[in-house]
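Contents: one structure, followed by commentary.
The values are calculated or read from the model by the stated rules, or taken from the named source; none is laboratory data. Computed from a predicted model, the values in this text were never measured in an experiment. Please note: Cβ atoms are built from the backbone with ideal geometry, for glycine as well, and neighbour counts cover all protein chains shown. Keep in mind that these areas ignore ligands, DNA and RNA; they rest on the heavy atoms of the full protein, side chains included. Shrake-Rupley method; radii C 1.70, N 1.55, O 1.52, S 1.80 Å.
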Amino acid sequence: MAVAINGTNGITYNDGSLQPSAIGKNKIINGDMQIAQRATSVTGITSSSGTYSTMDRFQDIVRTVGTWTQTQDTDVPTGQGFATSLKMDCTTANGSLSADSWLRWQTQLEGFNCQPFKFGTANAESITLSFWVKSNKTGTYCIELYQTDSGRAISKSYTIDSANTYEKKELTFVGDTAGNISNDNGSGFIVTYWFAAGANYQSGTLQTSWGAITTANRAVGQVNLADSTSNYINITGIQLEANTTATPFENLQYGQQLALCQRYFQVIGGGKASAAIFGGDASSTSSVYTHIPLSGGSMRSSPTVTEEGSFNTFNISSRSFDYLNTMGISLRVSPSGAGRYYIELDSSDDKILLSSEL
């Protein structure tokens, strides 16, 4: 079989198929919207300062722009290898935005993963963002990139030209020789999609060069997706790579994508009707501990642990989670008395949630 090798695009075979040139080139985790550990649909979204509602790694940020439903949708561009998209659907409209209104969602990149950009050096790489988008509302939409450590930002706009039709968009941003992204496990880079913006965020001139963030220049020209309950937007196939052009989307196996997401969020339970997570025999009421390893591997940082649902317990007076670290957590139980005790996650709604999100 004949092949053509290109340093940018990869290897092209004589049947037209292409093998990308790099593994891990896409710095966006879950860009194909496969993983939704929390939920596949959330309704009644009216206010959010950075909530992970459905899709892993994507936060919704909502302020005085009506009410929204967010779903993991099966409406995808035909023949592109995607099975799911993220959909925002307006259920209560706001056609007259306040000056500080906004509707946007964002994904944050860990500093460790941003070093191939070479920002802050003379060799700073240009980066290209590509994605598929569909909406009934045509017009101008804005993308903002923000370097958390240096406070520097850049924005670009794109146009949805045809209503109710998937279109592929490609935006290339020049590398920033002055910025700096720390090589650590903190937030190094934020990619923001704007869907609506009040006057405070578009009364200036769109900031198309890297520089200190200016509020009035963040989303100039942005249409108001909140102005009708007929409005929606679907996005999938998001890829951010160090390149001057967009290359084919890097498809990962489901398990690979899940593992990347579990560095930031993991769920224990919820998948079976009954699952005892801790039990034994106590000789007294003294506290006992069990270590729970994390099936999803090491997390970004020691997680915050919360419970969801109502666990079934027997002979237990109290419980808590202690000794949290990136590899596991400890469950401390105080039995009510000597004898058998246990904790069950006895329904699909009973979960232990571990978060080390950026």
Residues of region 170-187 satisfying the condition of being assigned to a strand (DSSP E or B) and hydroxyl-bearing (S, T, Y): T172, S187
Can you tell me which of N136, N183 is touching a Phe, Trp or Tyr at 6+ places or on another chain (Cβ under 7 Å), open to solvent by 50 Å² or more (accessible area, probe 1.4 Å) and either of a type outside the set (A, V, I, L, M) or closer than 28 Å to G81 by Cβ (or both)? N183
As an exercise: evaluate L129 against (1) touching a residue at least 60 places away in the same chain (Cβ under 8 Å); (2) open to solvent by 10 Å² or more (accessible area, probe 1.4 Å); (3) out of contact with any helix residue (DSSP H, G or I) (no Cβ under 7 Å at 6 or more places or on another chain) and give the number of the one condition it does not meet. (2)
Can you tell which of T121, T71 is among the polar types (S, T, N, Q) and either within 28 Å of S228 (Cα to Cα) or in contact with an Asp or Glu (Cβ under 8 Å, 6 or more places away or on another chain) (or both)? T71
Out of region 293-306, which residues are assigned to a strand (DSSP E or B) and either open to solvent by 80 Å² or more (accessible area, probe 1.4 Å) or touching a residue at least 60 places away in the same chain (Cβ under 8 Å) (or both)? P293, T304
Answer from F195, F117 - the residue that is farther than 29 Å from D73 by Cβ and open to solvent by less than 60 Å² (accessible area, probe 1.4 Å): F117
Need at least 1 residues that are at pLDDT 95 or above and either farther than 25 Å from P116 by Cα or not small (G, A, S) (or both) per element, so show me which strands (runs of 3 or more DSSP E) inside region 1-75 make the cut, counting only ones lying wholly within it. 41-45, 48-51, 59-63, 67-73
